[in-house]
Amino acid sequence: MVGAWRLKTYEVLPSTSDLCSTLAEAGEPAGLAVLAREQTRGRGSRGRDWTAPPGNLNLSVLIRPREPMASIAQWSLLAAVALSEALAPIAELHVKWPNDLLLDGRKVAGILLDSADDGQGGVAWLVIGMGVNLSQTPDPHDPGVASLGTTEPPEKVAARVLERLDVWSRVRTLEGFAPVRAAWLSRAQEIGAFVSLRVGQDRLGGQFAGLGEDGSLLLRTGGRVHAFTTGEVMLGGRG
């Protein structure tokens, strides 16, 4: 146990999120956390692979929030805040909408949500998967990816992540999404900064105008502010 979390640790798994999702479908209660010291078939956003050699963090958690499916995007932003705080003793990181953490503009961590509908528009279960390049990058030749270069054990980092998830989950329950949104924005690019957003095959440019109440990206373009719930912010031509 780590706090209220039932932590299960494995030497090797294909995917911590896949295991959590399978257990969720089988009726596993909320509060499960799965850590793998090595992950062989991890998943990143938009169907990308997330390779995870030993020494990096591969952590997924299972929750069962009683809320509409439309609100689950907020959990990705909450997880980004919790993860950045847990990694603060190692490095100061910035967030990129919707699910990346950056070190000097290069990706060191990603967050992936898996969920199921309860059949009435609510959340049956939600799995939050988090991957961090703690000790090494999977591809040292990729200029868009970095590692934190730490030898701190993943188990120790995972304990901090779970503690910060607890804290921010309570904040959201008691005070709503506003404090989470403020904490996320304090780690993001400045309001008014230029943002390039890829939505499907289209690419849009505009000024970053913050986050909506639902966690959507607000982009000022063409004299108006538009809200986007999907898409990928691009930095220097990269995702």
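The values are calculated or read from the model by the stated rules, or taken from the named source; none is laboratory data. Only a predicted model underlies this, so the values are computations on that prediction, with no experimental measurement involved. Note that each Cβ is placed from the backbone with ideal geometry, even for glycine, and that neighbours are counted across all protein chains shown.
Considered as a group, the residues in segment 138-170 that are closer than 18 Å to Val12 by Cα and part of a loop (DSSP other than H, G, I, E, B) include one that is modelled with the lowest pLDDT, and that residue is Pro138. With respect to Arg170, is the statement that it is under 21 Å from Arg64 (Cα atoms), over 16 Å from the mean Cα position of the chain (by Cα) and assigned by TED's automatic domain parsing to the domain that holds Ser17 true? So Arg170 passes the test.
Residue-by-condition table, conditions (1) more than 27 Å from Glu28 (Cβ to Cβ); (2) of a type outside the set (Ser, Thr, Tyr); (3) without any contact (Cβ under 8 Å) to a residue 60 or more places away in the chain:
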site	(1), (2), (3)
Leu93	yes, yes, no
Arg106	yes, yes, yes
Asp118	no, yes, yes
Asn133	yes, yes, no
Asp139	yes, yes, no
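Considered as a group, the residues in segment 171-184 that are part of a helix (DSSP H, G or I) and touching a residue at least 40 places away in the same chain (Cβ under 8 Å) include one that is surrounded by the most Cβ atoms within 10 Å (Cβ to Cβ), and that residue is Val180.
Among the residues of segment 110-121, is any surrounded by fewer than 20 Cβ atoms within 10 Å (Cβ to Cβ), at pLDDT 95 or above and under 28 Å from Ser147 (Cβ atoms)? Within segment 110-121 (the criterion being surrounded by fewer than 20 Cβ atoms within 10 Å (Cβ to Cβ), at pLDDT 95 or above and under 28 Å from Ser147 (Cβ atoms)), the answer is yes, since at least one residue qualifies.
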